[in-house]
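Notes follow once the structure below has been shown.
The values are calculated or read from the model by the stated rules, or taken from the named source; none is laboratory data. Note that this is a predicted model, so its numbers are computed, not measured. Glycine also receives a Cβ, built like all others from the backbone with ideal geometry; neighbour counts cover every protein chain displayed. Accessible surface areas use protein heavy atoms only, side chains included; no ligands, DNA or RNA. Shrake-Rupley method; radii C 1.70, N 1.55, O 1.52, S 1.80 Å.
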Amino acid sequence: MSTPFRSGAFRLSPSDYSALTDAAQQNPEVYWQNQSTRLDWIRSPSSAQDTGNGWFADGTLNASVNCLDRHLESRGEQIGLIWQAEEADHVVRLTYRDLHARVCQMANVLRDHGISRGDRVAIHLPTVIEGVVGMLACARLGAIHVVLFGGFSPEAIADRLADSGATLVITANVGRRGAKRIPFKTTMDSALSLRPETLSVRSVLVVSVTDEPVPMQAGRDELLTPLLEKAETSCPAETMASTDPLFLLYTSGSTGKPKGIVHGTGGYLTWASYTHELVFDHQKGDVFWCTADIGWITGHSYVVYGPLSNGGTILLFEGMPSHPTPGRWWEVIQSHKVTTFYTSPTAIRALMREGNDLPRQYDLTSLRVLGTVGEPISQEAWSWFDDVIGGGRCAFVDTWWQTESGGIMISPVPGAVKEKPASATLPLPGVHPVLLDDKGQVLDGATEGVLCLDGSWPGRALTIWNDDALFQTTYLRPYPGHYFTGDGARRDEDGYYWITGRVDDVINVSGHRIGSAEIEDALAAEHAIVESAAIGIPHDLKGQGIIVYAVARDPSHPELEMLAVRAITAKVGRYAVPEKVYIVPDLPKTRSGKNVRRLMRKIACGETDGLGDLSTLADPEIVDVLIRIVQG
Ligand code: WT7
């Protein structure tokens, strides 16, 4: 099944695209050198390769200058950022000149608070302009931003503040969700009081999203708005090495400890700019709406750095998809004439449930490119989005990538790569995926295997903060000579890739990446639970849901499930709460003591046959016990 080929209105034709792919293949160094010229460098790099500690090693630049200053002459009066509040009549539009002034003011405030190059600044905010401004202000000073997702619990925040060594925090009094208030400041206060001896935070700057007062600690906390108002609207930008870190972003993996993925400056920004232009067919006048929170990599690369480095117009929406009315997102697209709409399969699945009549009440004809990211999309959801939202006219880009890749790696290119519903299609020019079998042999042709990447690309993460050894063992050691992504994929006879999901112990809940070990570590801290295993199973709305098997110290304890949920909420956050906690007498283990997750997954999915070889289990009897508990 494939859709009609919609070429014509797009920047690239199939032959342009082949020319790029060939050029990248034939002489990568020249190709990436050319791509690096999309940025303004203070000193242009003399080489275009990965030196082992990053790309374009001898180049120098500043990322905020590339996103702001260099646009002032040609498009200073163009709108750079549209902020749409929950209320339809509350919109803030900032030109590039306004945005530049705001970033300079923020940078001056940060500098007055002792922030300089290399320092870490944590940003913990709802969807407000200060999030984008804060990131670019850090970049201006050469400080390293660490954006923390609003859904993290105080424990999770405290761990990340400690690991990053952040000295300053930007947060908000509250976030708004309809009449509800999300307590950002008091969550941060709890985080700061948990293990103060591990933290280096000296200042907390508070954005006033509403005029609700919050407790302020004298000598540490200050309201940000009055400081910004007094600050100068110009601020010199630091000259940074291409390989200096631009930001840390925490993500989950096979170990319980969150990993601070480090992205550099020149390579990352080249990748954000390159992929944003190519994949979203960036054209003058586009209004680009990426619905991701800035707390995730999608928000970094496609709310901030990609579109702003390319001089685009970004839209930030404070509210939720279906609030206050179920058609709120469609109303936003209509009223701002959004051309490019990038969202998650989870959101599409939820919106699909509202039916087709609702979106048809809005004029969505401004849309030209639709994109999805974060999880596999079903053919049904793909076709609904393409047809009901895109009117069958739009390019559809199912983009595969990860926090570690910095930007999109496998995706259609509008007008140039023919789509197949629910396939991420082909690698971008210069990207070299390979599929391997269990033994690490490269597989040819139409096949299925572990997805790895060959060679380097400018957006590749530099390392894991404080733990380069973990970077090596996680990505480079599992399949020597290849970069291991953690995903599995199928390749069809046309060379198209179909991502099948994680092959490690990472669970993808509504596009949020959660390590089994994070949940198991949270439960290990709960006295009533002796041992546990968290697994992911298919979930209609969320993609995957979490199931926990837990062994209790005292199985007659009446509130074990509640204790488990509370432990996970406290240590990780509400977004990691399981669908179900099964209290079991034991976990299925091999004779060498390894949990057999495959078995637990099958049983949780309701299977009783085809459970595989049970002869390696230490106690095969446990299987029937589990089936009885789970399947009733
Ligand atoms: C994991 C990365 C990339 C930004 C958002 C998530 C899954 C990502 C797709 C896609 C199927 C996808 C993978 C990947 N994933 N995009 N188009 N189709 N799966 O970033 O939190 O680092 O998660 O998300 O499993 O490894 P992340």
Tell me, which residue of the stretch 19-51 that is assigned to a loop (DSSP other than H, G, I, E, B) and open to solvent by 60 Å² or more (accessible area, probe 1.4 Å) is nearest to Tyr274 (Cα to Cα)?
-> Thr37
Taking Ala158, is it closer than 30 Å to Leu199 by Cα and open to solvent by less than 10 Å² (accessible area, probe 1.4 Å)?
-> yes
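I need the full set of residues from the stretch 598-613 which are touching a residue at least 40 places away in the same chain (Cβ under 8 Å) and not small (Gly, Ala, Ser), in order please. Talk me through it step by step, then tell me what you get.
Step one: of the stretch 598-613, the residues touching a residue at least 40 places away in the same chain (Cβ under 8 Å) are 600-601, 604-605.
Selection gives Met600, Arg601, Cys605.
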Name every residue in the stretch 619-629 that is aliphatic (A, V, I, L, M) and within 15 Å of Arg598 (Cα to Cα), in order of residue number.
-> Ile622, Val623, Leu626, Ile627
Only one of these is open to solvent by 40 Å² or more (accessible area, probe 1.4 Å) and within 16 Å of the ligand (Cβ to nearest atom): Glu380, Glu404, Glu419. Name it.
-> Glu380
Using beta carbons and a limit of 8 Å, which pairs, at least six apart or on different chains, have the first residue in the stretch 574-597 and farther than 25 Å from Asn508 by Cβ and the second one surrounded by 18 or more Cβ atoms within 10 Å (Cβ to Cβ) and not hydrophobic (A, V, I, L, M, F, W, C)?
-> Lys589/Asn595
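Does Glu232 satisfy the condition of being part of a loop (DSSP other than H, G, I, E, B), surrounded by 17 or more Cβ atoms within 10 Å (Cβ to Cβ), acidic (Asp, Glu) and touching a residue at least 60 places away in the same chain (Cβ under 8 Å)? Please lay out each step first, then the result.
Working: part of a loop (DSSP other than H, G, I, E, B): yes; surrounded by 17 or more Cβ atoms within 10 Å (Cβ to Cβ): no; acidic (Asp, Glu): yes; touching a residue at least 60 places away in the same chain (Cβ under 8 Å): yes.
When the stated conditions are applied, Glu232 does not pass them.
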Can you find a residue in the stretch 92-114 that is aliphatic (A, V, I, L, M), open to solvent by 20 Å² or more (accessible area, probe 1.4 Å) and at pLDDT 95 or above?
-> yes
Looking at (1) in contact with a Phe, Trp or Tyr (Cβ under 9 Å, 6 or more places away or on another chain); (2) open to solvent by 10 Å² or more (accessible area, probe 1.4 Å), which is the only condition Arg177 fails?
-> (1)
Which of the residues spanning the stretch 324-355 are open to solvent by 60 Å² or more (accessible area, probe 1.4 Å) and modelled with pLDDT of 95 or more?
-> Gln334, Ser335, Lys337
Residue in the stretch 269-299 that is surrounded by the most Cβ atoms within 10 Å (Cβ to Cβ), counting only those that are within 16 Å of the ligand (Cβ to nearest atom) and part of a loop (DSSP other than H, G, I, E, B) = Phe280
Evaluate the stretch 60-79: report whether one residue or more is within 30 Å of Arg181 (Cβ to Cβ), buried (at least 16 other Cβ atoms within 10 Å of the Cβ) and out of contact with any helix residue (DSSP H, G or I) (no Cβ under 6 Å at 6 or more places or on another chain).
-> yes
State yes or no: is Ser322 more than 11 Å from the ligand (Cβ to nearest atom) and farther than 27 Å from Leu99 by Cβ?
-> yes
If we scan the stretch 546-557, do we find a residue that is surrounded by 22 or more Cβ atoms within 10 Å (Cβ to Cβ), over 26 Å from Ser615 (Cβ atoms) and in contact with a Gly (Cβ under 8 Å, 6 or more places away or on another chain)?
-> yes
Considering the stretch 463-520 alone, what residues qualify as being away from the ligand (no atom under 14 Å from the Cβ), surrounded by fewer than 18 Cβ atoms within 10 Å (Cβ to Cβ) and charged (D, E, K, R)?
-> Asp467, Asp468, Arg477, Asp492, Glu493, Asp494
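Is the stretch 243-256 home to any residue that is modelled with pLDDT under 95 and either away from the ligand (no atom under 16 Å from the Cβ) or assigned to a strand (DSSP E or B) (or both)?
Applying the first criterion (modelled with pLDDT under 95) to the stretch 243-256 yields 252-256.
Pick out the ones that are also either away from the ligand (no atom under 16 Å from the Cβ) or assigned to a strand (DSSP E or B) (or both) and you get 256.
Scanning the stretch 243-256 turns up at least one residue that is modelled with pLDDT under 95 and either away from the ligand (no atom under 16 Å from the Cβ) or assigned to a strand (DSSP E or B) (or both).
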Test for Arg220: is it over 23 Å from Asp98 (Cα atoms), surrounded by fewer than 15 Cβ atoms within 10 Å (Cβ to Cβ) and in contact (Cβ under 8 Å) with a residue 60 or more places away in the chain = no
For the stretch 583-632, which residues satisfy the criterion of being at pLDDT below 90 and under 19 Å from Leu560 (Cβ atoms)?
-> Gly632
Quick one: Asp504 ticks every box in (1) at pLDDT 95 or above; (2) assigned to a loop (DSSP other than H, G, I, E, B) bar one, so which box is it?
-> (1)
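Let me confirm something: among Ser242, Ser254, which residue is over 24 Å from Gln105 (Cβ atoms), open to solvent by less than 20 Å² (accessible area, probe 1.4 Å) and either touching a helix residue (DSSP H, G or I) at 6+ places or on another chain (Cβ under 8 Å) or touching a residue at least 60 places away in the same chain (Cβ under 8 Å) (or both)?
Numbers: Ser254 fails: open to solvent by less than 20 Å² (accessible area, probe 1.4 Å).
Answer to the selection: Ser242.
Are any residues in the stretch 391-401 away from the ligand (no atom under 14 Å from the Cβ) and surrounded by 20 or more Cβ atoms within 10 Å (Cβ to Cβ), and if so, which ones?
Step one: filter the stretch 391-401 for residues away from the ligand (no atom under 14 Å from the Cβ), giving 391-395.
Those that are away from the ligand (no atom under 14 Å from the Cβ) and surrounded by 20 or more Cβ atoms within 10 Å (Cβ to Cβ): Cys394, Ala395.
Look at Ile348 and say whether it is within 20 Å of Val397 (Cα to Cα), free of Cβ contacts under 8 Å to residues at least 60 places away in the same chain and over 19 Å from the mean Cα position of the chain (by Cα). Break it down into steps so the answer makes sense when it comes.
Working: within 20 Å of Val397 (Cα to Cα): yes; free of Cβ contacts under 8 Å to residues at least 60 places away in the same chain: yes; over 19 Å from the mean Cα position of the chain (by Cα): no.
For Ile348, the condition - within 20 Å of Val397 (Cα to Cα), free of Cβ contacts under 8 Å to residues at least 60 places away in the same chain and over 19 Å from the mean Cα position of the chain (by Cα) - is not met.
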Only one of (1) under 20 Å from the mean Cα position of the chain (by Cα); (2) within 20 Å of Ser301 (Cβ to Cβ); (3) within 15 Å of the ligand (Cβ to nearest atom) fails for Leu426. Which number is that?
-> (1)
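Here's the yes/no breakdown for (1) within 20 Å of Lys571 (Cα to Cα); (2) touching a residue at least 24 places away in the same chain (Cβ under 8 Å):
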| site | (1), (2) |
| --- | --- |
| Leu168 | no, yes |
| Ile182 | yes, yes |
| Pro215 | no, yes |
| Pro226 | no, no |
For residues in the stretch 341-377 being in contact with a strand residue (DSSP E or B) (Cβ under 7 Å, 6 or more places away or on another chain) and polar (S, T, N, Q), which is nearest to the ligand (Cβ to nearest atom)?
-> Thr372
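Any residue at all in the stretch 521-535 that's within 9 Å of the ligand (Cβ to nearest atom), at pLDDT below 95 and assigned to a loop (DSSP other than H, G, I, E, B)? Can you show your working first?
Filtering the stretch 521-535 down to residues within 9 Å of the ligand (Cβ to nearest atom) leaves none.
No, there is no match, as no residue in the stretch 521-535 is within 9 Å of the ligand (Cβ to nearest atom), at pLDDT below 95 and assigned to a loop (DSSP other than H, G, I, E, B).
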